[in-house]
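Structure, as structure tokens:
The values are calculated or read from the model by the stated rules, or taken from the named source; none is laboratory data. The shown structure was predicted, so the numbers you read here are calculated from the model rather than taken from an experiment. All Cβ positions, glycine included, derive from the backbone under ideal geometry; neighbour counts span all protein chains shown.
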Ligand SMILES: Nc1ncnc2c1ncn2[C@@H]1O[C@H](COP(=O)(O)OP(=O)(O)OP(=O)(O)O)[C@@H](O)[C@H]1O
Ligand SMILES: [Mg+2]
């Protein structure tokens with residue numbers, strides 16, 4: 001008997017399922033299992049989480065991770081709007097150049113860019129030398145290896161994602177909307193908040209999801225700019241796995257990170273469903 | 001209601017001049033249209049009045065008050081964009097009420113006036129719909145209501161009917177006229193459709209290549225187009241270069257008697273409408289203003305036949321319109337009544 005079209009579809013997608021299953025589901029399951037087991041205890045246990053809960057380092061890293069991801073998201077939104085609007089207002093001949101400038105950093109290794117920031121931010125770096133030379137400070141400011149350095153580095157890293165998302169949604173809108181708003185008596189500031197922002201909400205939601213998720217899971221930037229003094233969940237995993245060889249603790253942190261990301265995705269979807277009802 | 005006057009308006013984009021020395025005035029409560037082909041500077045003129053473009057030189061006056069230092073949001077000018085530019089994420093009610101909200105009216109007043117405005121454009125009970133749920137014609141009505149609800153001094157319409165299909169366009173044309181008359185708002189309409197301009201306007205400003213070619217009532221422009229461009233644009237089919245001779249004019253050596261020789265520009269062209277040509281019999285003894293030629297092409301337009309007739313007036317064939325049941329072929333004889341000859345400036 002010949003295969004029905006659904007059967008054929010299943011047969012054709014089977015290899016993909018197998019590969020995805022092997023590459024993604026199994027490691028996730030293993031992560032799950034090792035997060036709830038401990039070498040010293042029989043069966044499943046919450047001991048790993050308990051240990052993290054009582055560790056100041058771990059709880060600090062948890063809150064710091066959320067703080068950094070939120071700060072980075074907010075910063076990229078604040079910087080994203082002027083850049084996206086500037087791009088769309090720019091001369092048509094200039095736009096391809098601006099787009100290249102915007103996307104180019106994405107082609108440079110994250111590590112290279114972190115080293116760039118180190119050169120700028122370190123105690124003997126460009127920033128401190130300038131501040132000292134101008135007499136604004138009497139001794140070097142400590143920025144490198146603080147949360148601020150991580151926020152700065154990640155914001156710069158993730159800004160293009162926000163700008164591109166905003167451009168995509170603003171570009172789709174009728175170019176006369178702002179003028180219509182002004183002709184109806186709204187000044188430019190009112191027009192921005194009442195028209196431009198609402199029009200860009202779909203892009204804002206996408207951009208927020210992208211930036212927050214990437215900020216949450218960034219590794220190289222916090223490692224190089226935050227250092228050991230300001231661990232985030234990702235760098236904590238690294239420390240547990242490769243410095244203290246506590247694989248169970250590393251798995252537990254990994255699971256927390258996944259849950260954080262899922263909570264945020266759910267939140268984003270929920271807001272999206274509420275807000276976007278009046279769009280599309 | 002206010003009058004709007006544009007005085008010697010010049011708008012340049014770098015070295016390119018989009019509007020060159022335009023002057024016209026829309027009296028309070030009247031409807032004036034700017035008519036011209038694509039790219040002639042109609043929208044640019046409208047946008048300078050709205051305040052979206054700086055002007056290079058000249059003046060725009062609202063009731064004799066210069067607008068130069070008034071930003072768009074304080075001009076109290078309602079605009080209907082060609083794309084309508086309705087706010088997609090707002091309901092129809094919120095769209096129409098936006099201008100009132102910006103004027104800080106009480107919620108109850110906003111609701112009442114929004115309802116009134118929607119009723120006036122024939123869309124009651126659509127407050128809670130979204131623009132995407134409306135047809136093109138309905139969107140156009142919402143845009144109109146939104147531009148009128150705050151009682152603007154002036155309303156600007158940029159090709160408001162061009163996005164509609166032919167049947168709806170005819171309907172909306174009458175609607176537009178009715179709504180404009182009812183509200184009494186001074187209105188400036190941009191269009192490249194001469195029929196629209198003629199049926200709606202009190203005054204027409206004809207533009208070409210950034211220049212205002214003629215300003216006048218529809219009747220004036222129809223009866224006395226000033227230049228070959230205007231005549232051509234409003235559909236005068238036959239236009240030929242001519243010169244003044246004793247007792248009349250000459251077109252390629254053919255003598256015609258014509259109206260008074262006064263005010264003839266030099267050089268000039270003459271124009272005449274296909275429907276103004278009178279067919280005559282070959283053996284008619286009256287030979288004054290006779291044009292003879294051979295039919296070389298024909299087209300049927302529903303209520304008439306249109307013929308191309310090769311004549312001695314020039315290389316271009318003469319266009320002749322005959323009644324539906326009147327078939328022509330071979331040689332035809334036509335008479336051009338002297339009073340139907342339009343004297344046109346060359347451009
Ligand atoms: N921002 C701008 N920069 C440079 N040139 C412009 C700009 N806006 C318009 N122009 C030019 O000015 C001329 C007039 O444009 P405008 O939009 O006023 O034409 P229009 O009469 O409204 O034509 P249409 O019927 O096609 O809408 C065009 O040649 C156009 O290319
Ligand atoms: Mg235009």
Every residue in region B:82-139 that is surrounded by fewer than 19 Cβ atoms within 10 Å (Cβ to Cβ) and within 16 Å of ligand 2 (Cβ to nearest atom), please. B:82, B:83
Looking only at residues in region B:49-93 that are touching a strand residue (DSSP E or B) at 6+ places or on another chain (Cβ under 6 Å) and without any contact (Cβ under 8 Å) to a residue 40 or more places away in the chain, which one is farthest from ligand 1 (Cβ to nearest atom)? B:66
In region B:62-79, anything crowded, with 18+ Cβ neighbours inside 10 Å, in a strand (DSSP E or B) and more than 9 Å from chain A (Cβ to nearest Cβ) is listed as B:62
If we ask which residues in region B:12-42 are closer than 21 Å to residue B:221 by Cβ, crowded, with 19+ Cβ neighbours inside 10 Å and within 7 Å of ligand 1 (Cβ to nearest atom), their number turns out to be 4
Give me the residue from region A:160-215 that is closer than 19 Å to residue A:71 by Cβ and within 14 Å of chain B (Cβ to nearest Cβ) and, out of that set, surrounded by the fewest Cβ atoms within 10 Å (Cβ to Cβ). A:205
Within region B:147-194, of all residues that are within 14 Å of chain A (Cβ to nearest Cβ) and at positive phi, the one farthest from ligand 2 (Cβ to nearest atom) is B:151
Search region B:46-61 for residues being more than 10 Å from residue B:156 (Cβ to Cβ) and within 16 Å of ligand 2 (Cβ to nearest atom), and hand back the single one that is surrounded by the most Cβ atoms within 10 Å (Cβ to Cβ). B:48
With the condition being within 33 Å of the chain's Cα centre (by Cα), under 26 Å from residue B:343 (Cα atoms) and at pLDDT 90 or above, I'd like the strands (runs of 3 or more DSSP E) fully within region B:259-328 carrying at least 3 qualifying residues. B:268-272, B:304-311, B:318-323
